[in-house]
Amino acid sequence: MRAPLSWLREYVDLPAGETGRDVQAKLVAAGLEVERVEQLGSDLTGPLVVGQVRTIEELEGFRKPIRFCTVDVGQANGTGEPQEIVCGARNFTVGDKVVVALPGAVLPGDFAIAERKTYGRMSRGMICSGDELGMGDDGSHGIIVLSPEHEVGTDAVALLQLRDEVLDIAVTPDRGYCLSMRGIARELATAYGLPLRDPALLDVPAPNSYGHPVTVADPTGCDRFTARTVTGIDPEARSPIWLQRRLQKAGMRPVSLTVDITNYVMLELGQPLHAYDRSQVDGALGVRRALPGEKLTTLDGTKRVLDPEDLVITDNRGPIGLAGVMGGADTEIADHGAAQGSTEVVIESAHFDPVAIARASRRHKLSTEASKRFERGVDPQAASAAAQRTVDLLVLLAGGTAEAGVTEIVAPSGPRTITLRADHPDRVAGVTYGRETVVRRLQEVGCDVYGQDELIVTVPSWRPDLTDPNDLAEEVIRLEGYENLPSTLPQPPAGRGLTARQRLHRRVGRALAGAGYVEAPTYPFVGEWALDHLGLEADDPRRTAVRLANPLSDAEPLLRTTLLPGLFAALRRNDSRGEHDLALFETGLVFRPTGEEPAPVRLPVDHRPTDEEIARLDAALPRQPRHAAVVLAGARERAGWWGQGRPATWADAVEAGRAVAREAGVELIVRQDQYAPFHPGRCAALFAVVDGEETLVGHAGELHPRVTKAFSLPERTCAMEIDLDLLERAGGDAVEAPRISAFPVATQDVALVVDSSVPAAAVEAALRSGAGELLESLRLFDVFTGAQLGEGKKSLAYALRFRAGDRTLTAEEATAARDAAVAAAVERTGAVLRGA
Amino acid sequence: MSAPNKSYDPVEVEALKPEEIERMREEALAAFAAAADLEALREAKAAHMGDRSPLALANREIGALPPQAKAEAGKRVGMARGAVNKAFAARQAELEAERDARVLVEEAVDVTLPHDRVAAGARHPLVTFCERVEDIFVAMGYEVAEGPEVEAEWFNFDALNFDPDHPARAMQDTFFVSGKDAKGESGVVLRTHTSPVQVRSMLDREPPVYVVCPGRVYRTDELDATHTPVFHQVELLAIDEGLTMADLKGTIEHMVTSLFGEGLRTRLRPAYFPFTEPSAELDMECYVCRGASVGNPGRPCRTCSSEGWIELGGCGMVNPRVLVAAGIDPEKYSGFAFGFGIERMLMFRHNVEDMRDMVEGDVRFTRPFGMEI
């Protein structure tokens, strides 16, 4: 909402020196979000005067039509002689009154006017358009042609009200009344402690039976409808400068006098109005819901199929307007320029149900000045005053005659009251205001207040947002000033810190970052194409994704079921920006619907839902496990003066999985697997024991070459993804401290030859189980393949360390344990002891 | 060492004459002093301190002396050997120091060589900033609460006093999950704020409730220099007997000074949110210019656009209707809530110029932030 300060001053006698910034500060403190104060005309200096065109000489021989004019500016140029001006515009003629910028003037945009030679003539000034004066759009883009009564030589800066300050206010949904000068002025008056001249306090004739007939079939949708008729309107009459200027400053475009007047009254009082050309209205006006299949062409030229919930204005032919949103094209007021201007109008000043209007506006994707106001609540008591004001202006400015008929249909309603404990605002604020202050502040808001400890508060008609005691408390506290609230600190009960789960999430992040990974939280939006690029089978559960009804991009309407596509995009972005050795990670939610989720139940808000109801609501949501994932490309260790680098491999990806699991206190079980999007020969399935069962928790490895190609990733990109929720559940109990033996260690190395298909993990598991309790640790230190082993064989070399807690082991004991370990490996994996 | 010589032979004790012993001592000392390196010193040691050295032989002769001469000769030889030992040790230390100095210099390396085999990793500042805020409130006794990002409309809107037809619901620019019914409505959205976690917290716990809810939220804004459709919020919620706006103000002030430094003023401005009543916008004094840029065109402030204040977020007293929906008696309990965007705070606190830098995952942006913020 744009509010010119000059307009507001009409209703509140602000101190003369108050600037827009001062007013802004006051209104901000009172809770109006004044986003900025526009200084109109601050970049404009005169002389700027009214002139009368004396002569026009058309200059020939130029690519566009050029006129050499003489303009009488009276004594404003110091000589009284006509001013010679070259001008390119054509919408004026000899005798017209125009606005002349004389040499020395500076127009907005630092446009200095000086005498200069142009098109072969001396030009001593400029005939101005509205745009050039920063007046805003007047729809013509031509020279301003003033009405004849303005005297030559008059200062046009004042005449056109070019200097002003305009407050730009973002009105919150609860303050519908501030979508009007009346509402803003009321806040201003309260903020300054000054009286308000309420523009809605008008003498309004009593309703009678001979006004334009109206039938309201839906009094819930329309609880008030005032109709007034004005005849004898001069279709040639134009809006006076002051009216045009106020509309322009408020951000609206002058259109025609009748429309300008309805807009003006809407800005002034907040009441949306509609003017119908009476000659185009067939019979009584009606308000009802639309019938199925009914259509209406609205003023914007759009033909709309109406919904049975839409509230419409009708005449005998059917709908002629979408009530409270936009009028119909058929009954539009004809412009004065049209062949037949409207001379008789019926004014509608009605009050519609905010919900009905909000829904219609949403349904038709049509947000208008009217609908914005009705949605937020319009003062129903102001409807007849607004109609009267419109009639008065049509009579005054358009030469019309007000018909005596006044139609007013009002659904009965009582005043709204709220019971409020007098100390309630004190208890909300933590300040003792006292009853006196509370009552006074509520009265300033417009409430009627009765009672002592228990106040009966009748709220004003323009404040439909005031419904609860806390609403009234807010009014008191904001007017007393939020800045005057004291500061205290509450005493929460002693806390327990972060949960185990929260600590785990932090540790995982630190562990990966410590291992050289850079965190990259990515957007969760993906497209089907990404799932295709991953190479997922048709029945892969990762294809069952949450779909958005209104995605930002139609190419990415789904929510991620895996973290990988987002990380791939981040990897590719970094790579394309010249960073090639990359290790990225992300932890975050993935969304895994089954596709069978029931629709959520509609729960009450007037009491706590039952646990069953909440459970049913939660059942409508997809599973949303937290995952951790990494991607790697380029060198894991860089080359340097120390020697060779080492490319990132599948093994780094698996190790990242182990690192994450370690933070959860989980030892991963790693198995060979084939799983998209991984290289079928370089893919590890990661298992953990969850609730006593070996459970798949993730995958790691090198990506399938087709996948790196599809996502335009560097070759041999590797990745890992793991379910943190499962790891958390797999996490062990508190660690029991080991007993540390000080007896010497006995080291035994063994090399075992197995088929190359035998996983190292299996050999290790067999060795461990066979070695018995004396085994302290076991480590694979070499893997060897070669001709001497034979085709399809590999040799695995292990260092076994044995130690006892109570004695020095003899060589025999260590050897026996080693032999037992080897025997188990031989038995379970077909291993052969090398060199035996 | 050989056994003492019991057979007394005066001829053989020539070696024990005082001047002889003095000579041996001096020869040894001279030899040590002359040894140029540790090798030469070792040879000199063998010659003058070994089993066959003159002093060792002299020592062996002591036993052959008559008892009355033994004591004096023993003393003399002992003193000489002591002096020789001492001289040797001194010379050895001297030579070792010389060697060490020389060899270690030869082993010197350029310690300024980089060793960036594995580039440093880092955590994202949005994540660590959330944690930082969590820690402030955890230290005050709050719990950290989390909830789903794909959320039921009831939690995201209805329970928070967003009427289905109220314009406030449209203010939120919501991503809707597409549904299976005829209208395509699912009743499920991407949460537009972390406030649904407040509702879940109230449903899960008996008051008093003190929780801080960090997380990702979603609004249908296109990504540009100042907007992102996916961003982070932290909200706090306190429900207890007798909580007031003064408590809200004090709590926020504590947070602001914890994050931005002591002495920064905060300001509450009346505002509107469906789930709080009274509601306020929270501004913090610009921590860069501290208001000095206001009305001072010569010293413009980019951080606050010379407004002197930075808008941090929305807050207020929990609307009693929200308490009712969560089963909390508004006659007995009151509460306050405060929510703010992490991206915005990060932009101010770390002078981030473009929102896109925070969402693109460029390692050059993230690395400098390290592990904590």
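Overview of results
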{"quantity": "Lone qualifier among A:Ala538, A:Ala599, A:Ala549 - being of a type in the set (Gly, Ala, Ser), more than 10 Å from chain B (Cβ to nearest Cβ) and surrounded by fewer than 18 Cβ atoms within 10 Å (Cβ to Cβ)", "calculated": "A:Ala538"}
{"quantity": "Region A:574-591 - residue that is touching a strand residue (DSSP E or B) at 6+ places or on another chain (Cβ under 8 Å), more than 19 Å from A:Val660 (Cβ to Cβ) and not in a loop (DSSP other than H, G, I, E, B) and, of those, farthest from the other protein chains (Cβ to nearest Cβ)", "calculated": "A:Asp575"}
{"quantity": "Residues of region A:461-475 that turn out to be more than 18 Å from B:Leu243 (Cβ to Cβ) and at the interface with chain B (Cβ under 9 Å from one of its Cβ atoms), as a count", "calculated": "3"}
{"quantity": "Among the residues listed as A:Gly770, A:Gly790, the single one being free of Cβ contacts under 8 Å to residues at least 40 places away in the same chain and either under 28 Å from A:Asp673 (Cα atoms) or aromatic (Phe, Trp, Tyr) (or both)", "calculated": "A:Gly790"}
{"quantity": "Breaking point among (1) in contact with a helix residue (DSSP H, G or I) (Cβ under 6 Å, 6 or more places away or on another chain); (2) within 30 Å of A:Ser209 (Cα to Cα); (3) among the hydrophobic types (A, V, I, L, M, F, W, C), for A:Val391", "calculated": "(1)"}
{"quantity": "Residue in region B:152-159 that is more than 9 Å from chain A (Cβ to nearest Cβ) and closer than 30 Å to A:Ala635 by Cβ present", "calculated": "no"}
{"quantity": "Condition met for A:Ala569 (at pLDDT below 95, facing chain B (nearest Cβ under 10 Å) and surrounded by 19 or more Cβ atoms within 10 Å (Cβ to Cβ))", "calculated": "no"}
{"quantity": "Looking only at region A:778-836, and only at residues there that are more than 30 Å from A:Arg739 (Cβ to Cβ), in a loop (DSSP other than H, G, I, E, B) and among the aliphatic types (A, V, I, L, M), the one that is modelled with the highest pLDDT", "calculated": "A:Ala831"}
{"quantity": "Top-ranked residue of region A:372-409 - restricted to ones that are over 29 Å from A:Val171 (Cβ atoms) and of a type in the set (S, T, N, Q), ranked as nearest to the other protein chains (Cβ to nearest Cβ)", "calculated": "A:Thr407"}
{"quantity": "A:Ala664 vs. criteria crowded, with 20+ Cβ neighbours inside 10 Å, out of contact with any Gly (no Cβ under 7 Å at 6 or more places or on another chain), of a type outside the set (Lys, Arg) and touching a residue at least 40 places away in the same chain (Cβ under 8 Å)", "calculated": "no"}
{"quantity": "Tally of residues being assigned to a helix (DSSP H, G or I) and either more than 18 Å from B:Val189 (Cβ to Cβ) or touching a helix residue (DSSP H, G or I) at 6+ places or on another chain (Cβ under 8 Å) (or both) across region A:592-629", "calculated": "6"}
{"quantity": "Tally of residues being touching a strand residue (DSSP E or B) at 6+ places or on another chain (Cβ under 6 Å) and either in a strand (DSSP E or B) or without any contact (Cβ under 8 Å) to a residue 12 or more places away in the chain (or both) across region A:667-694", "calculated": "14"}
{"quantity": "Residues of region A:602-623 satisfying the condition of being facing another protein chain (nearest Cβ under 7 Å) and either crowded, with 19+ Cβ neighbours inside 10 Å or over 31 Å from the mean Cα position of the chain (by Cα) (or both)", "calculated": "A:Leu603, A:Val605, A:Arg608, A:Ile614, A:Leu617, A:Ala620, A:Leu621, A:Pro622"}
{"quantity": "Qualifying residue in region B:341-350 (condition: part of a loop (DSSP other than H, G, I, E, B) and out of contact with any strand residue (DSSP E or B) (no Cβ under 6 Å at 6 or more places or on another chain))", "calculated": "no"}
{"quantity": "Filter result for A:Gly104 (closer than 21 Å to A:Phe62 by Cβ and small (Gly, Ala, Ser))", "calculated": "no"}
{"quantity": "Count of region A:554-573 residues which are part of a helix (DSSP H, G or I) and touching a residue at least 40 places away in the same chain (Cβ under 8 Å)", "calculated": "9"}
{"quantity": "Region B:236-254, residues that are more than 7 Å from chain A (Cβ to nearest Cβ), surrounded by fewer than 24 Cβ atoms within 10 Å (Cβ to Cβ) and either without any contact (Cβ under 8 Å) to a residue 60 or more places away in the chain or under 17 Å from A:His424 (Cβ atoms) (or both)", "calculated": "B:Glu241, B:Gly242"}
{"quantity": "Whichever residue in region B:327-341 is more than 11 Å from chain A (Cβ to nearest Cβ) and within 39 Å of the chain's Cα centre (by Cα) and, among such residues, is nearest to A:Glu613 (Cα to Cα)", "calculated": "B:Ala337"}
{"quantity": "Enumeration of residues in region B:178-221 that are assigned to a loop (DSSP other than H, G, I, E, B), more than 36 Å from the chain's Cα centre (by Cα) and either surrounded by 17 or more Cβ atoms within 10 Å (Cβ to Cβ) or of a type outside the set (Lys, Arg) (or both)", "calculated": "B:Gly179, B:Asp181, B:Ala182, B:Gly184, B:Glu206, B:Thr220"}
{"quantity": "Pick from region B:308-326, criterion assigned to a helix (DSSP H, G or I) and touching a residue at least 60 places away in the same chain (Cβ under 8 Å), ranking: nearest to the other protein chains (Cβ to nearest Cβ)", "calculated": "B:Ala325"}
{"quantity": "Considering residues of region B:96-139 that are more than 7 Å from chain A (Cβ to nearest Cβ), surrounded by 10 or more Cβ atoms within 10 Å (Cβ to Cβ) and closer than 30 Å to A:Glu579 by Cα only, the residue farthest from the chain's Cα centre (by Cα)", "calculated": "B:Cys130"}
{"quantity": "Region A:43-102 - residue that is among the polar types (S, T, N, Q) and not in a loop (DSSP other than H, G, I, E, B) and, of those, farthest from A:Pro148 (Cα to Cα)", "calculated": "A:Thr45"}
{"quantity": "Checking A:Arg662 against (1) more than 10 Å from every other protein chain (Cβ to nearest Cβ); (2) part of a helix (DSSP H, G or I); (3) closer than 24 Å to A:Pro705 by Cβ, the condition it does not meet", "calculated": "(3)"}
{"quantity": "Flag if A:Val518 is more than 9 Å from chain B (Cβ to nearest Cβ) and either of a type in the set (A, V, I, L, M) or in contact with a Gly (Cβ under 9 Å, 6 or more places away or on another chain) (or both)", "calculated": "no"}
{"quantity": "Conditions (1) without any contact (Cβ under 8 Å) to a residue 40 or more places away in the chain; (2) in contact with a helix residue (DSSP H, G or I) (Cβ under 8 Å, 6 or more places away or on another chain): number failed by B:Met345", "calculated": "(1)"}
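Quick grid of which residues meet (1) in contact with a helix residue (DSSP H, G or I) (Cβ under 6 Å, 6 or more places away or on another chain); (2) within 14 Å of chain B (Cβ to nearest Cβ); (3) free of Cβ contacts under 8 Å to residues at least 40 places away in the same chain:
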site	(1), (2), (3)
A:Leu40	no, no, no
A:Val49	yes, no, no
A:Glu58	no, no, yes
A:Cys69	no, no, no
A:Glu81	no, no, yes
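The values are calculated or read from the model by the stated rules, or taken from the named source; none is laboratory data. The shown structure was predicted, so the numbers you read here are calculated from the model rather than taken from an experiment. No Cβ is skipped: glycine too gets one built from the backbone with ideal geometry, and neighbour counts run over all protein chains shown.
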